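> One structure follows; several queries about it will come next.
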Amino acid sequence: VYFTGFIDDHDKVIDYLRKSYLAFALYEKNKNSISKYSAVGKPLTYMGAGLPVFITDVPEIAKDIGKNGGVLVSYDKNEVVEKVKELILDENKYIDVREKAIKYAKYHTWDKIFSNAMKNTLKHLKWKYS
């Protein structure tokens, strides 16, 4: 387990991810947290590297990630430990979750997210001002 703190060199981050087996995006429910309303990038980066992501249900995208290459968990260390054990002790399940993560990440690149947002915005504007 590595606790690195912030790394400003993206290539170094990718190098760490290539050597990893699992990833965690555990957000605590907090009324002042912006994670609930923001587009969290770390889980998608982890999934793009083929890592199953353990994620709490705070970010809007969490439930979708939980179905597509992630494991939805509560912010409880005992539950997280149990879910990690379940995944790493079942090789077939691990492979399945990993493959889903890679597939999901392919459809959630920043280019695709931006393009879809722009298309939806233009459709709305065309409808509103035609």
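> Restricting to the stretch 76-110, count the residues that are β-branched (Val, Ile, Thr) and either assigned to a loop (DSSP other than H, G, I, E, B) or free of Cβ contacts under 8 Å to residues at least 24 places away in the same chain (or both).
Residues meeting the conditions: 3.
> Could you count how many residues in the stretch 61-79 are open to solvent by 20 Å² or more (accessible area, probe 1.4 Å) and either under 23 Å from Asp15 (Cβ atoms) or more than 16 Å from the chain's Cα centre (by Cα) (or both)?
The number of residues fulfilling the criteria is 4.
> Something else: Checking the conditions here, which among Tyr21, Tyr16 is in contact (Cβ under 8 Å) with a residue 12 or more places away in the chain, open to solvent by 50 Å² or more (accessible area, probe 1.4 Å), among the aromatic types (Phe, Trp, Tyr) and outside any helix (DSSP H, G or I)?
Tyr21
> For the stretch 28-60, enumerate the residues that are hydroxyl-bearing (Ser, Thr, Tyr) and surrounded by fewer than 19 Cβ atoms within 10 Å (Cβ to Cβ).
Once the filter is applied, which keeps residues that are hydroxyl-bearing (Ser, Thr, Tyr) and surrounded by fewer than 19 Cβ atoms within 10 Å (Cβ to Cβ), the stretch 28-60 yields Ser33, Ser35, Tyr37, Ser38, Thr45.
> Take the residues in the stretch 107-130 that are at pLDDT 75 or above and not charged (D, E, K, R), then tell me which one is most open to solvent (accessible area, probe 1.4 Å).
This residue is Tyr107.
The values are calculated or read from the model by the stated rules, or taken from the named source; none is laboratory data. Because the structure is a prediction, the values reported are computed rather than measured. Note: ideal-geometry Cβ built from the backbone for every residue, glycine included; neighbour counts use all protein chains shown. For accessibility, only protein heavy atoms count, side chains too; no ligands or nucleic acids. Shrake-Rupley method; radii C 1.70, N 1.55, O 1.52, S 1.80 Å.
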